[in-house]
Amino acid sequence: MSSSAAKPTVAYLLKSFPRLSETFILNEILGLEKLRIQLEIFSLRRPTAEPSHPGVSEMKSSVTYIPSLSWSLWPGALAQLIWSHLVVLLTDTRRYFTTARLYFRVKGASRFEDFLQAPHLARRLRRKEITHLHAHFANVPTTVAELVHHLIGIPFSFTAHAKDIYLTAPSELERKIRSATAVLTCTAHNQQYLAQLAEPGRSIHLAYHGVDVERFGAAPCLRSTEISQVPLILSVGRFCEKKGFEYLIRACRRLAYRGYTFRCQIVGYGELQDKLERLIIDLGLQQFVSLLGKKKQDQLAALYTQARMFVLPCIVTDQGDRDGIPNVLIEAMASEVPVVSTDISGISELVTHAQTGLLVKQRDPHALADAMELLLLHSDLRRRLAQNGRKSVLDKFTLNASVRHVHDILSSVLTTMSQPSASQSQLTVTEF
């Protein structure tokens, strides 16, 4: 018996790894390794030139990058992909052509590169005798996982998060849920939505993200001296529309107009960088608001200890994009920082208004400024919300509890799916 047969391996499929904005995936990998699930990481893209969290160096799992047309030496990558197609085609010609025919006849299945990469990943998994494939995000990674499943019969599961759910066609999600052996998601709001698409009796597993409460712990010494400091309003996230940073900046304009002295620091990067910088200048807020760029987790942990409050005014975009439960909110609460956010999506599963934080309506800078002003004025309210917020994280959102739950789900899948049944490996027209 081979070592891989003795100890089943789960392949983790990601779009790009590592990514600074996807710390929750790195933490999950590290936690599963500690619980002795054997992993191999596969990434469909190479990461951009950005700093990596220190935890990347702690990983035991190997990372394999699947060739793609975005590689700088793309002729070589293309040759590898074409060779993999030939091998899979000759191994099981009927399955290959049936998968191709069904994939390209589906309305909206227009990403040729998904199909181009799938046979290469299939060959890698078969060569390594990997028994299960798990994809993070219900869009591109799960599409590739589904294709691999149909090409070689390997069972797959996936975790759905936020944008990947609400910007994917319901019919596509329904098909993927039906094909997968297990589906996880990170909020009850998402769980309810996906359950409506699933066939009767099909479970959608709720697996909240968690944070390392030792890394993001309260700092009493700094809390006791905060009154003598210029208040720091902190926010963290990618500079994209759904984070609502425009409304935070406009709320800061209202606070400044009311005569408050404060610093607002926004950590992040993204496509809206120039727009946010112009807005700060147009509103004359250069002495109040600054964009800090990218930060690693240890740097963020230090910033949380200095913050008077943490504000993240998330919105639902016109296209339907939204957050689930932003991990930075959990980190801030674990750090005993009072939080202000909006009552959308799964945020109210983390923040209970006036008990563990403050929630306001989305796209309302006036209400946001009022909530921030309330925290600036009332230290007793800050203290109560901060303490309750940390307790809530300790009760429901620790990394250990989160990883243990994912571990149990994957372990169950490995136990029940060690040998794919005929119904799982047989291609039918209705599956695509």
Sum up the charges of everything whose Cβ sits under 11 Å from the Cβ of Lys243, counting Lys and Arg as +1 and Asp and Glu as -1, but leave Lys243 out. -1
Once the Cα atoms of helix 188-197 and of the chain are each reduced to a long axis, what angle between those two axes, in degrees from 0 to 90 to the nearest 10, is obtained? 30 degrees
For helix 23-34, report the angle its Cα long axis makes with the longest principal axis of the Cα atoms of the chain; keep it between 0 and 90° and round to the nearest 10°. 60 degrees
Among Gln192, Gln362, Gln387, the residue with the largest mean-square fluctuation in a Gaussian network model of the chain built from Cα contacts under 10 Å is Gln192
Mean separation of Cα contacts under 8 Å, 6 or more apart, over the residue count of region 17-131: relative contact order %: 23 percent
For region 220-396, the dipole about the Cα centre with charges only on Cβ (Lys and Arg +1, Asp and Glu -1), to the nearest 20 debye, works out at 340 debye
If you split all Cα-Cα distances of region 130-174 into 10 Å bins from zero, what percentages do you get per bin, shortest first? 30, 53, 16, 0
Quick one: which of Lys275/Lys391; Lys60/Lys295; Lys15/Lys396 span more than 30 angstrom between C-alpha atoms? Lys275/Lys391
I'd like to compare 29-37, 206-214: which one has the highest average count of other Cβ atoms within 10 Å, and what's the full order after that? 206-214, 29-37
Nearest-0.05 FRET efficiency for Arg238 and Gln387, computed from C-beta distance (R0 35 Å): 0.75
If the chain between Lys396 and Thr93 were fully extended at 0.36 nm per residue, the gain over the current Cα-Cα distance would be 104.2 nm
Expected output is a single nm value to one decimal: the length gained when fully extending between Asp343 and His366, i.e. 0.36 nm times separation in residues minus the C-alpha distance. What is it? 6.8 nm
When the dipole is taken about the Cα centre of region 90-161, and only Lys, Arg (+1) and Asp, Glu (-1) are charged at their Cβ, what size is it in debye, to the nearest 20? 200 debye
For the chain, size of Cβ-based charge dipole, Lys and Arg +1, Asp and Glu -1, in debye: 460 debye
Measure nothing but the geometry: give the 0 to 90° angle between the long axis through the Cα atoms of 399-416 and the longest principal axis through the Cα atoms of the chain, rounded to 10°. 10 degrees
Zone reached by a paramagnetic label modelled 7 Å from Leu69 Cα along Cα→Cβ, restricted to region 82-108 with backbone N below 14 Å, covers 82
For the chain, with a Gaussian network of springs between Cα atoms less than 10 Å apart, report the residue from Phe24, Phe115, Phe97 with the top mean-square fluctuation. Phe97
Given a Förster distance of 45 angstrom, what is the FRET efficiency for Gln196 paired with Glu271, based on the Cβ-Cβ distance and rounded to 0.05? 0.90
In Å, descending, principal axis extents of the Cα set of region 168-281: 57, 36, 23
With contacts defined as alpha carbon pairs under 8 Å and 6 or more residues apart, what's the relative contact order of the chain in percent? 16 percent
Per-residue counts of other Cβ atoms within 10 Å, averaged by peptide: what ranking do you get for 239-246, 274-281, highest first? 239-246, 274-281
Under 8 Å for C-alpha pairs, at least 6 residues apart: give me the relative contact order for region 263-346, rounded to a whole percent. 28 percent
Most positive-pole-ward Cα, Ala334, Phe216, Val148, against dipole of the chain from beta carbon charges: Val148
So how far apart, in nm, are the two label points at Gln229 and Arg215 if each is 7 Å from Cα heading toward Cβ? 2.1 nm
FRET E, pair Ser290, Leu377, Förster distance 35 Å, beta-carbon r, rounded to 0.05: 0.90
Taking a ≥ b ≥ c as the square roots of the Cα gyration tensor eigenvalues, with a/c under 1.5 meaning rounded and otherwise prolate when a/b beats b/c, else oblate, which class fits region 220-396? rounded
Over the chain, the sum of -39500 (n - 2.57) across DSSP H runs of at least four, divided by residue number and rounded to 500 deg cm²/dmol, gives at 222 nm -14000 deg cm²/dmol
GNM result for the chain, Cα springs below 10 Å: residue of Leu283, Leu375, Leu399 fluctuating most strongly: Leu283
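Coordinate-derived values only; no laboratory data. In this text the structure is predicted, and so the values were computed from the model without any measurement. So basically every Cβ, Gly included, is an ideal-geometry build from the backbone, and we count neighbours across all protein chains shown.
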